[in-house]
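Reading through the C-alpha cells given below for one structure.
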Amino acid sequence: AKRGWVGGAAVRRYCEREGLMRTGREGPGVAKRVLAGAWELADARRDARGLSFDEFCVFMHLLCIASAGGSLPASLPKELVPPSLHGPDVPYPDAAAPKSPDTPRPA
C-alpha cells in the first residue's frame, strides 16, 4: 500500500497468490468478473488511486461472500458503507442521508 492506498494490480496479485481469484475455468476462488464487481462496489471514491483501507475491507468482505457461494449485491448496502466514507462526496446510495429528521448528519 502506498500512503494508505492499494492499487488494482497489487490486489489482483494478492488475490491470485492467496487463491481468492480463479486463474482458469476451474479451481478455487472467484471468477475475475466477480473480483471486478467487488472492486467496483467497494471503490467509493472512484478516484483512480486504488482502494483506501476502509474500501479494501469492504472489498474483502464482498469476496468472502462470493467465495462462500453468495451473490454480490447490485449496489452496496448502507450497512456496508464504513463511517469514514459517509459524506456528500461519496456516491454510495443514501450514505450521506440522515436516518430520521432527529439524526444529525456526520461532520
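The values are calculated or read from the model by the stated rules, or taken from the named source; none is laboratory data. Fair warning: this is a prediction, and the values are worked out from it, not measured in the lab. Cβ coordinates were reconstructed from backbone atoms using ideal geometry, including for glycine residues, and neighbour counts include every protein chain displayed. We work out accessible area using only protein heavy atoms, side chains counted, and drop any ligands, DNA or RNA first. Shrake-Rupley method; radii C 1.70, N 1.55, O 1.52, S 1.80 Å.
Can you tell me which residue among Ala44, Ala38, Ala66 is touching a Leu at 6+ places or on another chain (Cβ under 8 Å) and at pLDDT below 90? Let's see the steps before the verdict.
Values: Ala38 fails: at pLDDT below 90; Ala66 fails: at pLDDT below 90.
Among Ala44, Ala38, Ala66, only Ala44 is touching a Leu at 6+ places or on another chain (Cβ under 8 Å) and at pLDDT below 90.
Flag set for Gly70, criterion: over 10 Å from the mean Cα position of the chain (by Cα) and open to solvent by 20 Å² or more (accessible area, probe 1.4 Å). Screening Glu26 with (1) among the acidic types (Asp, Glu); (2) surrounded by fewer than 14 Cβ atoms within 10 Å (Cβ to Cβ); (3) in a helix (DSSP H, G or I) gives one miss only, at (3).
Considering only residues in the range 45-65 that are part of a loop (DSSP other than H, G, I, E, B) and out of contact with any strand residue (DSSP E or B) (no Cβ under 8 Å at 6 or more places or on another chain), the one that is farthest from Glu79 (Cα to Cα) turns out to be Ala48.
Of all residues in the range 3-17, those that are surrounded by fewer than 12 Cβ atoms within 10 Å (Cβ to Cβ) and modelled with pLDDT under 85 total 1.
For Ala96, the conditions (1) modelled with pLDDT of 75 or more; (2) surrounded by 15 or more Cβ atoms within 10 Å (Cβ to Cβ); (3) among the aliphatic types (A, V, I, L, M) are fulfilled apart from (1).
Just so you know, in the range 29-57 the residues that are basic (Lys, Arg) and without any contact (Cβ under 8 Å) to a residue 40 or more places away in the chain include one that is surrounded by the fewest Cβ atoms within 10 Å (Cβ to Cβ), and it is Arg33. Scanning the range 36-85 for residues that are of a type in the set (D, E, K, R) and within 17 Å of Gly19 (Cα to Cα) yields a count of 0.
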